[in-house]
Each structure stands twice: as structure tokens, then as C-alpha cells.
1. Which order do peptides 180-187, 127-134, 165-172 fall in by mean Cβ count within 10 Å, highest first?
2. With 10 angstrom as the radius, rank 203, 105, 19 by how many other C-beta atoms surround their C-beta, starting from the fewest.
3. If you bin every alpha carbon distance in region 174-274 into 10 Å steps from zero, what whole percent lands in each bin?
4. Measure nothing fancy, just the Cα-based angle from helix 88-99's long axis to the longest principal axis of the chain, in degrees from 0 to 90, nearest 10.
5. Please give the FRET efficiency for residue 44 paired with residue 251, using the beta carbon to beta carbon distance and R0 = 45 Å, rounded to the nearest 0.05.
6. Return P(r) of region 25-91 (all Cα-Cα pairs; 10 Å bins starting at 0; whole %; ordered from short to long distances).
7. Between residue 197 and residue 309, take the C-beta separation as r, use R0 = 41 Å, and let me know the FRET efficiency to the nearest 0.05.
8. Please work out the Kirkwood hydrodynamic radius for the chain, using every pair of different C-alpha atoms, and report it in angstroms with one decimal place.
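Rule-based calculations on the coordinates, nothing more; no lab input. Just so we're clear, the structure is a prediction, and the values are computed from it rather than from any experiment. Glycine also receives a Cβ, built like all others from the backbone with ideal geometry; neighbour counts cover every protein chain displayed.
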Ligand code: NAP
Ligand code: MG
């Protein structure tokens with residue numbers, strides 16, 4: 001049938017590929033609506049598809065806003081399925097569009113607030129620090145599977161933060177075309193405003209800034225680590241989609257699992273431990289679609305990607 005593919009802006013080519021490749025391979029035609037911020041990537045792939053001889057009408061692109069293009073696609077009686085990645089509120093809308101039209105299939109991928117749980121038996125804190133930094137700050141944190149909550153045993157927090165600080169010295173912020181820099185601009189001015197509003201919370205909640213916190217030129221935010229974040233904080237609960245990592249401590253394993261699960265999200269998680277038994281226990285008890293052990297990972301092509309809640 002006809003598959004509507006509605007894309008976010010954070011990985012313009014990858015998100016497109018994830019959606020169109022399975023649909024085309026299954027013999028479906030696609031109608032792609034890219035995010036307005038990153039439309040040109042999709043148009044270039046469409047040009048290449050034509051050059052490669054794809055039959056007319058199989059790979060279609062409609063550009064425009066969510067209101068003007070996404071909504072009509074979601075409500076269309078001749079669209080058999082929608083594959084969507086983006087925010088939870090928009091994901092909910094696609095379920096409603098389906099209910100209000102032809103009950104089309106809807107596949108949603110709607111973000112995360114993913115925990116990195118570090119137990120006191122973690123063997124190599126340098127490795128943990130490197131993985132936590134990558135998980136939190138890769139792609140400016142504009143990543144649904146970003147490990148944005150560090151949940152660490154109280155007895156090793158200071159030592160781990162020290163090593164995270166050492167890794168962060170290499171994460172310079174600035175012109176993304178300069179290979180010296182690891183953190184470039186956020187995608188747009190309005191997204192910058194949203195992300196930097198969480199820095200205001202750091203001040204108003206009197207939280208302590210372990211690293212970073214500076215903004216530059218109205219589009220850059222330094223990799224930022226906020227200590228002492230409690231579950232009631234917006235920093236703990238909401239998907240920030242920027243380079244801000246929150247730190248929360250625990251004393252017992254059940255407490256760590258409760259903290260990890262204490263959000264509306266359940267996409268990915270990581271656990272760091274030297275004990276196979278603890279690795280299995282935490283992986284089982286955290287409600288997340290993908291749990292990685294002693295590393296940050298996005299899964300691989302042979303594992304499904306999706307979450308709970
Ligand atoms: P979004 O607003 O949910 O947009 C995703 C896609 O849905 C875009 O193509 C958008 O079109 C379209 N859309 C927006 N409103 C719509 C509506 N009423 N009906 C139908 N389609 C609609 O997400 P975003 O603007 O890309 O990013 C906002 C937040 O989403 C981020 O801050 C982050 O929290 C989350 N996000 C999650 C992921 C993920 O991988 N899970 C990826 C990106 C973003 P427009 O071109 O008009 O925006
Ligand atoms: Mg948008």
C-alpha cells in the first residue's frame with residue numbers, strides 16, 4: 001500500500017533511510033514529509049532515486065509544515081500506514097488522525113529520557129565516563145536515545161564526575177565544520193530557546209552546575225552537567241534534546257531501578273556493572289526497549305528499535 005513517512009530533523013538522512021528502505025523493499029510506495037528544517041536532504045535523495053531509475057510515483061516527497069502536509073497525510077483515506085518519528089504530542093496526533101479516518105496502521109517513535117545507571121561495582125570508571133559523555137552529548141544531545149539522566153551510586157559519584165570532566169575537556173563547542181569541535185549549533189533558534197530554558201531551571205531550582213552551562217551566539221550550548229537533580233525536576237522528567245546531562249544518586253539497587261523507571265519514557269537505557277547478575281537484573285527491571293550493558297549503544301540493524309510507555 002501507501003506508506004506516509006513523517007520525519008524529524010535530527011538525523012535527516014538516517015531517519016529517511018530507516019523509513020523508506022523497509023517500505024520500498026516490501027513493495028510499498030512512500031510519501032515522505034521531511035521536517036521543514038531539513039527538507040533539502042530528502043529532496044536530494046529523491047533526485048538520486050530518479051537518477052537510479054525508480055518508477056514514477058513510488059518515492060514521493062511533499063514539503064511543508066506539519067499542519068499543511070503532516071495532518072492531511074495522517075487523515076488521508078488512501079494512506080495505509082504512517083511511520084512517524086518526532087515528539088510525543090505529534091505522535092498522539094497521528095493516532096487520532098488514524099482513528100478519525102481509515103484506521104491506518106501507525107508506527108511511532110517518540111523520544112526518550114534515557115537513564116545511564118552506574119552501580120558501585122562498575123569496573124572501569126574511565127570507560128564509564130567516556131561512554132556517558134558520548135551517550136549524553138553525541139549529536140549535541142539532539143537524539144531520542146541520548147542518555148540524558150546519569151543515575152549513579154552515591155559512593156562513586158564524585159570520582160565519576162571528575163573523570164567525566166576530564167573527557168569533556170576534549171568536547172569543544174563551536175563551528176561544526178571545524179574538526180576540533182565536537183558540539184556544533186543547535187538546529188534552530190527556537191530549539192535553542194527551548195533547550196536553554198532548562199538552564200534557567202538550574203538557577204531557579206538552585207541546582208549545582210558540575211560542568212558547562214554557558215551559551216554562545218544564541219545557538220550554541222556547551223556540554224552541561226547538572227548535579228543533584230531530583231525526580232520532581234523538569235530536568236529529570238522532560239526530553240531536553242540538547243547537551244544537558246542530569247545527575248542523580250542512589251544508595252540501593254531497587255532505588256536505582258525506581259529512579260530509572262520514574263519518567264513517562266522508556267526508549268533506551270544503559271547499565272554499568274562488573275556483575276553479570278546485576279546486569280541481567282537491571283536490564284530486566286528497567287522498562288526500556290533497548291538496554292545496553294557497559295556501553296552506550298543505539299542497537300544494531302538486527303535488533304528492533306522502539307520503546308515502552
Ligand atoms: P515534531 O514537532 O513532532 O515534528 C516531527 C514531524 O511531524 C515534522 O515533520 C513535523 O513537521 C510534523 N508535524 C508537526 N506537527 C504536526 C501536526 N500537527 N500534524 C502532523 N504532522 C506534524 O518534532 P520536531 O519539531 O522535529 O522536534 C520537536 C521535539 O520532538 C524535539 O524537541 C524532541 O523532543 C522530539 N524529537 C524526537 C525525535 C526522536 O528521534 N524521537 C526526533 C526529533 C525530535 P514540521 O516540519 O512542521 O516540524
Ligand atoms: Mg518542527
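1. Details: 180-187: 18.0, 127-134: 21.4, 165-172: 14.6.
Going by the mean number of other Cβ atoms within 10 Å, highest first, we get 127-134, 180-187, 165-172.
2. Values: 203 10, 105 13, 19 23.
So the residues, fewest neighbours to most, are 203, 105, 19.
3. Taking all Cα pairs of region 174-274, the binned fractions are 13, 41, 32, 12, 1 percent.
4. Taking the Cα atoms of the chain, the angle to 88-99 is about 30 degrees.
5. E between residue 44 and residue 251, to the nearest 0.05, is 0.30.
6. 18, 51, 29, 2
7. 0.95
8. Numbers: mean 1/r = 0.0488 Å⁻¹.
Over the chain, the inverse of the mean reciprocal pair distance is 20.5 Å.
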